[in-house]
1. If you restrict to DSSP beta bridges whose two residues both lie in the chain, what percentage is antiparallel, to the nearest 5?
2. I need to check one value: relative contact order of the chain, counting alpha carbon pairs closer than 8 Å and at least 6 residues apart, in percent.
3. Can you work out D for the range 3-66 in µm² s⁻¹ from Stokes-Einstein, where Rh is the Kirkwood radius over C-alpha pairs, the temperature is 37 °C and the viscosity is 0.692 mPa s?
4. What ranking of 24, 71, 15 emerges when the number of other C-beta atoms within 10 Å of each C-beta is taken as an exposure proxy, fewest first?
5. In whole angstrom, how far apart do the alpha carbon centroids of the range 7-62 and the range 65-93 sit?
6. Measuring from a point 7 Å past the Cα of residue 30 along Cα-to-C-beta, which residues in the range 51-93 have an amide N at less than 14 Å?
7. Using the Karplus curve 6.51 cos²θ - 1.76 cosθ + 1.60 with θ = phi - 60°, what ³J(HN,Hα) values do you get for each residue of the range 47-52, in whole Hz, with x for Gly and Pro?
8. What ³J(HN,Hα) values, in whole Hz, does the Karplus curve 6.51 cos²θ - 1.76 cosθ + 1.60 give for the range 74-83 when θ = phi - 60°, with x put for Gly and Pro?
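Nothing in this text is a laboratory measurement; each read-out follows from the coordinates by a stated rule. Only a predicted model underlies this, so the values are computations on that prediction, with no experimental measurement involved. Don't worry about glycine lacking a Cβ; one is built from the backbone with ideal geometry, like all the others, and counts go over all protein chains shown.
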Amino acid sequence: MPFVYELKIAAEEPSYTFVQQLVSVGSMAEAGQAVCTLTDGAMEFHVPAPRQGLVVEWFVEHGAVIENGDSLARIVCEGAEVAIPAAVPVRLG
């Protein structure tokens with residue numbers, strides 16, 4: 001049975017600016033795959049998908065400011081519903 005989760009930024013994270021979608025609506029994201037790029041103004045970060053699923057909606061666009069706890073995307077997963085942890089951006093390089 002499929003379930004839906006919202007990809008969110010972890011509460012302890014600082015503000016970021018949304019730079020780019022790396023997985024478009026209608027595409028599958030693998031667990032751990034980078035789905036978008038954020039910046040803190042000095043460095044860029046990837047946001048990994050915590051679980052495999054189909055990206056069905058993006059809530060943010062290029063240039064949007066992301067605060068901790070904000071939802072980035074809606075993803076549909078297969079299997080039994082489980083708690084999905086908030087994402088922690090990973091620094092590039």
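1. Bridges in the chain that DSSP calls antiparallel: roughly 95 percent.
2. Working: 241 pairs, mean separation 38.7, N = 93.
It rounds to 42 percent for the chain.
3. D = 270 µm²/s.
4. Ordered by Cβ neighbours within 10 Å, fewest first: 24, 15, 71.
5. 7 Å
6. Counting backbone N atoms under 14 Å from the label point, the list is 51-53.
7. 10, x, 6, x, 8, 5
8. Working through the residues one at a time gives 10, 10, 9, 10, 8, x, 5, 5, 9, 5 Hz.
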